[in-house]
Amino acid sequence: MIVFKNGHVFLGNRDTEFETKHICVEGDKILSVEDTFNIGSEDSVYDLSGCYVTPGLIEPHCHIGLLEHGVGWAGSDENEDHEPIQDNCHAVDGINMHDRSFEDFRKSGITTVGVFPGSNSVIGGYGAAIKCKGNVIDDAVIKSDVGLKVSLGGTVKEHFSMKKKAPLTRMGIMALLNQFILDSKVDQTHEYIINGELPLVIHCERLDDIHSAVRFGEKHNLKIRLVGLSDYEDAKDLLLEKNIKYALGPIMGYATQKETRNRDRYRHIEASAMINGSLTTSHPIINGRYATLQGSIMNQNGLETASVLNALSINAAEFLGVENRVGSIEVGKDADLVVWDGHPLELKTKVLLTIIDGEFVYKGGDLQC
C-alpha cells in the first residue's frame, strides 16, 4: 500500500476547495481518504506537507493520438472526411499511443482524455475515453465509445464547399442529420444513440448553431453534449435551463474563424452557470499541456477556484460518462492523482508527480518515501 499524508487535497466533490487529507492507494484503486493518519509497517509513505493534490485532470475533447505531434500527414488520422456522414468510424481504431503529446499530458497532470474525430464532417465517428498510459490503445481504454461526434456550422461548410459537394449550408447540415436519425431508427442501427444511452457530441460555436443542436436533440429525444461554444455568453442560460453538459473552449488562440472572430469565451462566468461545464483545449488546437493555464485565465476572470478545478476534473468525467472511474478522489475509484508543488492554478506551479491507476507515470521532483 502507498500512503500520501498531509497533502492539501482537492477531492472533486464540488463542496470544498483544499483540505488536509491522507490518501491510501492499494493496487490501482483508492483505498481510503482519511482525516487522521494511520500507518502500517509495510506501507510506503510520502509526506506531502506543503504540496497540493488533485484528481488526475481530464481533457474532455481532443485529438491526441489521432493528429500526432510533429509527424505530418503520416500521423494525421483525425478526419475521414471524403463524405459528410462517417458514422462507422471509431477513434479507438486510429489512436497512436506513441504520440509524444501523451508525455506532455502526463507532465501537465492530465491522466484521462476524450479523443474524438475532427470537425470536418457532419458526423465524424465515435469518440473514446482513454488513460494517458500504455504502448497500445488496448492498455489505455476506459470506454471505447463515449459518444458520436457531430459538427455544425462554418468548418463543415468550408470543407465541403472546397470539395464542391453538399452540404453547403446550415440547412443542408441539419437535413443530413435528421435523415441520419430517421434512417437509424428504421434500420435499427446506432441503438445506443437512438435510445439515449450514448450522446451526440456536437461541435457548435455560433449561437444559432447551439440552438439548432438543442432543438435537434429535443426533436428526436436524444442525449447531447456540446463542444466549443464561442457564443457561450449568450447561450449559458439555455445550457443551464436544459441541463446540458458541455466542454467550453479552447479559450486561447487566434480567432481564425470569421463567424466567431469577435467572441470572448473567458469573460466573467458565475459558478452557478458552470455547474455542467468542463474546459477543453481541443488539443492540438491549443496544446493540452496548457489546460491549467486556461483554468487560471477563467479564475482570473472571476470563476471560483472550486468551479475551475471541477471543470478540469469531475465535470469533464461526467461529460465523458466515466465519472464512476475518474474525476474525483473517492474510495474505490481509480488511483489517478496529481501532486503539485503549489496551487494548481498558479502559473509558476509545477507537477511533482502524476499517478495513473496507482502507477507513477511522471516524476517532476523529489518526493521522499
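Brief remarks follow.
- Candidate set from segment 47-103 (those that are outside any loop (DSSP other than H, G, I, E, B) and of a type in the set (Val, Ile, Thr)); member that is surrounded by the fewest Cβ atoms within 10 Å (Cβ to Cβ): ILE85
- Among the residues of segment 14-25, those identified as surrounded by 14 or more Cβ atoms within 10 Å (Cβ to Cβ) and farther than 21 Å from VAL351 by Cβ are ARG14, CYS24.
- Subset of segment 1-35 [of a type in the set (Phe, Trp, Tyr) and closer than 21 Å to ILE356 by Cβ]: PHE4, PHE10
- Test: residue in segment 321-336 that is among the acidic types (Asp, Glu), at pLDDT 95 or above and closer than 17 Å to ARG106 by Cα: yes
- GLY118 being under 30 Å from GLU17 (Cα atoms) and either outside any helix (DSSP H, G or I) or acidic (Asp, Glu) (or both): no
- Per-region count, segment 82-125, residues touching a strand residue (DSSP E or B) at 6+ places or on another chain (Cβ under 9 Å) and either farther than 15 Å from HIS63 by Cα or among the β-branched types (Val, Ile, Thr) (or both): 18
- Residue check, LEU347 in contact (Cβ under 8 Å) with a residue 12 or more places away in the chain, touching a helix residue (DSSP H, G or I) at 6+ places or on another chain (Cβ under 8 Å) and either surrounded by fewer than 20 Cβ atoms within 10 Å (Cβ to Cβ) or outside any loop (DSSP other than H, G, I, E, B) (or both): yes
- Annotation note: of LYS164, LYS157, LYS185, the sole residue that is basic (Lys, Arg), over 16 Å from GLY321 (Cα atoms), part of a loop (DSSP other than H, G, I, E, B) and more than 19 Å from the chain's Cα centre (by Cα) is LYS164.
- Checked against the criterion of being modelled with pLDDT of 90 or more, within 30 Å of ASP47 (Cβ to Cβ) and over 18 Å from the mean Cα position of the chain (by Cα), segment 303-317 contains one or more residues that satisfy it.
- Within segment 83-97, considering residues that are in contact (Cβ under 8 Å) with a residue 60 or more places away in the chain and not charged (D, E, K, R), the one nearest to VAL156 (Cα to Cα): PRO84
The values are calculated or read from the model by the stated rules, or taken from the named source; none is laboratory data. All values reported here derive from a predicted model rather than from experimental measurement. Cβ: placed from backbone, ideal geometry, glycine included. Neighbour counts: every protein chain shown.
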